[in-house]
Amino acid sequence: MQVKLAYHANCWGALGGNAVGVTSITQLTYRTFGDMEQAIRDIGAAGYAGTELFDGNLLDYEGRYGELRGALKQSGVVLVAGYSGANFIFDDILGEELVRIERVAGAAAELGAEHLVVGGGAKRASGRQQDDFKRLGAALDRVIDIAAKAGLRAHYHPHLSTIVEGPDEVREVFRHTAIDFCPDTAHLAAAGGDPAAQIREFRDRISYVHLKGWQRDPFAFTPLDRGDLAMAPIVEALKDIGFSGWIAAELDAWPDPKQGAELSMDYLKKALGPS
């Protein structure tokens, strides 16, 4: 298994979004309220070769990409992916959401990324409608086109709090779209799935992976070496399908983000062995 290791920069500060997005859909981005250049330095020092950034943090550098490019180069880290999200099922606002995703794809491509990851599919106040998976799938196919025009590969990331959480929902959405699958081990497990089994089931769609630990009580995401989610079967599944490419470890929150990155790197070195 030939892999390269990245780490998401999302826990170097509080997670949130742009408040202006409440009234301006094109501005509704994820963001980490922290110093992304410090995050990149810490990620490089922990031994990772790549990183992933939220859309809001990427777009902060519009007009000055040279600054972020310099921080990446100085740290020996490449930008692997940008992450964005959307409701995707509401026709009236879909165009606005896709304009934003197009900007994100352009920013990621400008900085040399390979992948664009999106999550979403809104839960309606009145409950899911019969055609919501079809609407989501059609929107994700448009994301594929946006990513391809920027020279990126598009991935869908099932996520808690969306209409795609559990195994049946994951299976259903992929009936309606050709987009690749970016499994996030913690979200899949917390929704009642078996991440190793889902990796095997969708082996032909997987070209980028998020690894994250999880504990049930109290609910929390954890470094890969702790928590209630057994990582060994997941790593074995990746080996069994002959996965090659980027694996991004991730941790949404941790008191010492650099330490969290180091803990997961220590685990990955042992689990993956010589590449």
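For ALA261, state whether it is over 18 Å from ALA9 (Cα atoms), at pLDDT 95 or above, crowded, with 22+ Cβ neighbours inside 10 Å and hydrophobic (A, V, I, L, M, F, W, C). Can you show your working first?
Details: over 18 Å from ALA9 (Cα atoms): no; at pLDDT 95 or above: yes; crowded, with 22+ Cβ neighbours inside 10 Å: yes; hydrophobic (A, V, I, L, M, F, W, C): yes.
Considered against the rule, which asks whether it is over 18 Å from ALA9 (Cα atoms), at pLDDT 95 or above, crowded, with 22+ Cβ neighbours inside 10 Å and hydrophobic (A, V, I, L, M, F, W, C), ALA261 comes out as no.
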#### Entry: GLU37, sole failed condition from (1) more than 16 Å from VAL104 (Cα to Cα); (2) among the charged types (D, E, K, R); (3) in contact with a Gly (Cβ under 8 Å, 6 or more places away or on another chain)
(3)
### Message
Just checking: which of the helices (runs of 4 or more DSSP H) contained wholly in segment 1-85 hold 3 or more residues that are among the charged types (D, E, K, R), at negative phi and under 16 Å from the mean Cα position of the chain (by Cα)?
### Response
none
### Query
Checking PHE88 against (1) over 18 Å from HIS159 (Cβ atoms); (2) crowded, with 23+ Cβ neighbours inside 10 Å; (3) in contact (Cβ under 8 Å) with a residue 40 or more places away in the chain, which single condition isn't satisfied?
(1)
### Query
Got a number for residues in segment 242-251 being surrounded by 14 or more Cβ atoms within 10 Å (Cβ to Cβ) and outside any strand (DSSP E or B)?
3
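Among the residues that make up segment 94-114, is at least one of them under 18 Å from the mean Cα position of the chain (by Cα) and under 21 Å from LYS258 (Cα atoms)?
Of the residues in segment 94-114, the ones under 18 Å from the mean Cα position of the chain (by Cα) are 97-98, 100-109, 111-114.
Filter once more, so that each one left must be under 21 Å from LYS258 (Cα atoms): none.
Among the residues of segment 94-114, not one is under 18 Å from the mean Cα position of the chain (by Cα) and under 21 Å from LYS258 (Cα atoms), which makes the answer no.
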### Query
Could you say which residue among LYS239, LYS258, LYS270 is free of Cβ contacts under 8 Å to residues at least 12 places away in the same chain, basic (Lys, Arg) and in a helix (DSSP H, G or I)?
LYS270
### Message
If I go through segment 239-275 residue by residue, how many of them are over 20 Å from PRO195 (Cα atoms), within 20 Å of the chain's Cα centre (by Cα) and among the charged types (D, E, K, R)?
### Response
2
### Task
Go through (1) surrounded by fewer than 21 Cβ atoms within 10 Å (Cβ to Cβ); (2) touching a helix residue (DSSP H, G or I) at 6+ places or on another chain (Cβ under 8 Å); (3) not aliphatic (A, V, I, L, M) and name the single condition SER24 misses.
(2)
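Mind counting the residues in segment 201-228 that are under 23 Å from VAL117 (Cα atoms) and surrounded by 15 or more Cβ atoms within 10 Å (Cβ to Cβ)? Full working, then the answer.
Here is the first cut: in segment 201-228, the ones under 23 Å from VAL117 (Cα atoms) are 201-214, 220-224.
With surrounded by 15 or more Cβ atoms within 10 Å (Cβ to Cβ) added as a condition, the list becomes 201-203, 205-214, 220-224.
The total comes to 18.
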### Task
Restricting attention to segment 86-134, report how many residues are in contact with a Gly (Cβ under 6 Å, 6 or more places away or on another chain), in a helix (DSSP H, G or I) and more than 30 Å from TYR48 (Cα to Cα).
0
### Task
Find the residue count for segment 151-176, including only residues that are crowded, with 18+ Cβ neighbours inside 10 Å and within 21 Å of VAL209 (Cβ to Cβ).
15
### Matching residues, segment 52-63, being surrounded by fewer than 24 Cβ atoms within 10 Å (Cβ to Cβ) and in contact (Cβ under 8 Å) with a residue 24 or more places away in the chain
GLY56, LEU59, ASP60, TYR61, GLU62
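The values are calculated or read from the model by the stated rules, or taken from the named source; none is laboratory data. Given the structure is predicted, the values throughout are model-derived calculations rather than measurements. Counting neighbours? That spans all protein chains shown, and the Cβs are built from the backbone with ideal geometry, glycine included.
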